[in-house]
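Structure record follows, encoded as structure tokens.
The values are calculated or read from the model by the stated rules, or taken from the named source; none is laboratory data. Here the structure is a predicted model, which is why all the values come from computation and not from measurement. Neighbour counts run over all protein chains shown; Cβ positions are idealised from the backbone, glycine included. Areas reflect the complete protein model, heavy atoms only, side chains present, ligands, DNA and RNA absent. Shrake-Rupley method; radii C 1.70, N 1.55, O 1.52, S 1.80 Å.
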Amino acid sequence: LELCDRAERAFRSISSGLAWWVNTANSFSIEALATLGELGELRRRLPALLNEADGHADIYAGSVFRARAYPTWMAADKVDAGRVAIRRAVGRWERAGFYDPHLWQMIADVRFDLYEGKTTAAWTGIEGRWPSLVRSRLLVGQFSRIHAYAARGSAAVAAAGVLQARDRKEREVHEPIP
């Protein structure tokens, strides 16, 4: 986190033409804060980041920041509001294809579904988008690949657990009474 913050300050001090690098450092800061469980600090920083992105009409940064901050919505137990905010932000992204905003929306949707116990929705949602993700070539990048496969694996394990429980119940119903 400290290195992300230091990088962000360094990029800002060099030139005003390094917005992508500043946003990348901030994006990694969001991830670091979420991973460290520092959701209070993330909630404190996020409005300024979003105001800056929105003020510069930076749809990419605004959508990625909103989507990557999905844990704050879960911590506040406001998953529906989180889905709407992320969907609205990513919906402003008009490029055809599958980009970082779509990746982080997909990951947020999986995490939201699992948080709500919607294991089948988590699994079918990520599997439905997976071919677009593969075609996008985002999986070439290690960071994106790790997060995408972690979300897919979480959805698969949760869905398998539901299927296993369902199979166990069916076997119990069909077993003869001694």
Segment Glu116-Val140, length gained on full extension (0.36 nm per residue, minus Cα span)
5.6 nm
For Leu1, Leu103, what's the largest-to-smallest order of accessible area, 1.4 Å probe?
Leu1, Leu103
Could you report the accessible area of Val162 in Å², rounded to 10, computed with a 1.4 Å probe on the protein chains as they sit in the structure?
50
Heavy atoms of Glu2 accessible to a 1.4 Å probe, total area in Å² rounded to 10
130
Which order do you get for Met106, Met74 if you rank them by accessible area with a 1.4 Å probe, largest at the top?
Met74, Met106
Here are several values of P(r) over Cα pairs in 5 Å bins from 0, in percent: [x] 1, 9, 14, 16, 17, 15, 12, 7, 5, 2, 1, 0, 0; [y] 1, 8, 15, 19, 19, 14, 9, 5, 3, 3, 2, 1, 1, 0, 0, 0; [z] 1, 6, 10, 10, 11, 10, 10, 8, 8, 6, 5, 4, 3, 3, 2, 2, 1, 0. Which one was derived from the coordinates shown?
[y]
Within the range 19-35, list the residues whose amide N lies under 19 Å from a label point set 7 Å along Cα→Cβ of Glu41.
23-35
FRET efficiency for Ile14 and Lys78 from the Cβ-Cβ distance with R0 = 41 Å, rounded to 0.05, comes out at 0.60
Keeping all protein chains in place and using 1.4 angstrom, which order do Trp21, Trp93, Trp123, Trp130 fall into by accessible surface area, from largest down?
Trp21, Trp123, Trp93, Trp130
Can you find, among Trp123, Ala96, Phe28, the residue farthest towards the positive end of the dipole of the chain? Put +1 on the C-beta of Lys and Arg, -1 on that of Asp and Glu.
Ala96
Percent of accessible area on the range 51-125 owned by carbon and sulfur, 1.4 Å probe?
50
